[in-house]
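Below: one structure, written as C-alpha cells.
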Amino acid sequence: MASVSPCVVISDDEQGYDLDLFCIPKHYADDLDKVYIPHGLIMDRTERLAREIMKDMGGHHIVALCVLKGGYKFFADLLDYIKTLNRNNDRSIPMTVDFIRLKSYCNDQSTGEIKVIGGDDLSSLTGKDIIDTGKTMKTLLELLKQYNPKMVKVASLLVKRTPRSVGYRPDFVGFEVPDKFVVGYALDYNEYFRDLNHICVISETGKEKYKA
Ligand code: HPA
Ligand code: MG
C-alpha cells in the first residue's frame with residue numbers, strides 16, 4: 001500500500017493571523033483577509049522537505065523541474081536547502097534544473113484547460129507549488145512519461161482538501177490546506193500577490209480589484 005506523505009495539516013477552522021502582526025506590502029493592505037502561513041513557517045517546513053527528498057533520492061542524479069510561475073519561490077528555497085545539505089554532507093546528489101510553465105487558472109477558478117510552455121530535459125521532477133484539484137499535475141505526469149524518466153517524484157508546498165480533487169497525492173507535501181484560495185509566496189491571483197512573502201487569504205476587495 002502506498003503510504004501517504006505526512007505533512008503539516010491546517011484545519012478548516014484555522015483563522016490565520018491579523019495582517020497587522022506581520023509585514024505586508026502597503027499596496028496589498030486592503031486586499032488580504034489574513035496571513036495564513038507565515039513565511040518563516042514555510043521556510044522551516046521546506047528545510048525539512050529538503051532533508052526528506054535527499055534521503056529518498058539515494059545517489060540518483062536529479063533534474064529538478066520547476067513548475068512556473070507559482071512554484072518559483074518554493075523551488076528556489078527548496079533547492080537552496082538541498083544545496084546546503086549537499087555541501088555539508090559526505091554524500092551529495094548531482095543536480096540540474098529545468099523549468100516548465102503551466103497555466104490553468106483565471107480569477108480564482110480553474111479553467112479546466114491546461115497550457116504547457118517550455119522544458120527540455122525532463123527526467124525527474126521536484127518543486128510544484130500547489131496541488132488543488134490535481135488535474136494539472138496529472139496532465140504534467142502524462143507529458144513526462146513520454147521522456148521515459150527512471151523516476152518521477154513530486155514535491156508540492158501545498159495540497160488542498162477539496163471535493164474537486166481527482167485524488168492525486170504528491171510524494172512530498174509541505175502543508176495540507178482547506179479549500180480556500182490563497183496567494184503569496186509566488187502564488188497569484190491574476191498575476192498579483194506573487195510579491196508577498198507570506199501565504200495569505202485574499203479579501204473580497206482584493207478579488208474585485210484584481211479581477212480579470
Ligand atoms: N492560489 C493560487 N493559485 C492557485 C490556487 C490557489 O489557491 N489553487 C490553484 N492555483
Ligand atoms: Mg496562478
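The values are calculated or read from the model by the stated rules, or taken from the named source; none is laboratory data. All values derive from a computational prediction rather than experimental measurement. Cβ atoms come from the backbone with ideal geometry, glycine included; neighbour counts cover every protein chain shown.
Looking only at region 67-96, count every residue that is within 15 Å of T46 (Cα to Cα), within 16 Å of ligand 1 (Cβ to nearest atom) and not aromatic (F, W, Y) and tell me the total.
Final tally of qualifying residues: 2.
Taking the condition away from ligand 2 (no atom under 14 Å from the Cβ) and in contact with a strand residue (DSSP E or B) (Cβ under 6 Å, 6 or more places away or on another chain), does K160 pass?
For K160, the condition - away from ligand 2 (no atom under 14 Å from the Cβ) and in contact with a strand residue (DSSP E or B) (Cβ under 6 Å, 6 or more places away or on another chain) - is not met.
Which one of V183, V166, V177 is farther than 22 Å from I53 by Cα, among the β-branched types (V, I, T) and within 16 Å of ligand 2 (Cβ to nearest atom)?
Of the residues listed, the single one that is farther than 22 Å from I53 by Cα, among the β-branched types (V, I, T) and within 16 Å of ligand 2 (Cβ to nearest atom) is V183.
I'd like the full set of residues that are over 14 Å from N107 (Cα atoms) and buried (at least 16 other Cβ atoms within 10 Å of the Cβ), limited to region 179-193.
Those that are over 14 Å from N107 (Cα atoms) and buried (at least 16 other Cβ atoms within 10 Å of the Cβ): G184, Y185, A186.
Within region 1-60, which residues are among the hydroxyl-bearing types (S, T, Y), in contact (Cβ under 8 Å) with a residue 24 or more places away in the chain and in a loop (DSSP other than H, G, I, E, B)?
Those that are among the hydroxyl-bearing types (S, T, Y), in contact (Cβ under 8 Å) with a residue 24 or more places away in the chain and in a loop (DSSP other than H, G, I, E, B): S5, S11.
Determine, yes or no, whether V63 is under 15 Å from the mean Cα position of the chain (by Cα), aliphatic (A, V, I, L, M), surrounded by 15 or more Cβ atoms within 10 Å (Cβ to Cβ) and closer than 21 Å to K150 by Cβ.
no
Being touching a residue at least 12 places away in the same chain (Cβ under 8 Å) and either assigned to a helix (DSSP H, G or I) or surrounded by fewer than 21 Cβ atoms within 10 Å (Cβ to Cβ) (or both) is the filter here, so list the residues in region 66-82 that pass it.
L68, K69, Y72, K73, F74, F75, D77, L78, L79, Y81, I82
What are the residues in region 122-151 that are out of contact with any Phe, Trp or Tyr (no Cβ under 7 Å at 6 or more places or on another chain) and either in a strand (DSSP E or B) or at pLDDT 90 or above (or both), if any?
Selection gives K128, I130.
Can you say whether I100 is modelled with pLDDT under 70, over 25 Å from I202 (Cβ atoms) and within 16 Å of ligand 2 (Cβ to nearest atom), as far as the supplied structure shows?
Criteria not met by I100.
Looking at F74, F22, which one is away from ligand 2 (no atom under 16 Å from the Cβ) and within 19 Å of G184 (Cβ to Cβ)?
Matching residue, one of F74, F22: F22.
Go through (1) under 22 Å from L140 (Cα atoms); (2) surrounded by fewer than 16 Cβ atoms within 10 Å (Cβ to Cβ) for K211 and report which single condition fails.
The single condition K211 does not satisfy is (1).
Could you tell me whether R164 is within 14 Å of the chain's Cα centre (by Cα) and either in a loop (DSSP other than H, G, I, E, B) or buried (at least 16 other Cβ atoms within 10 Å of the Cβ) (or both)?
The answer is no for R164.
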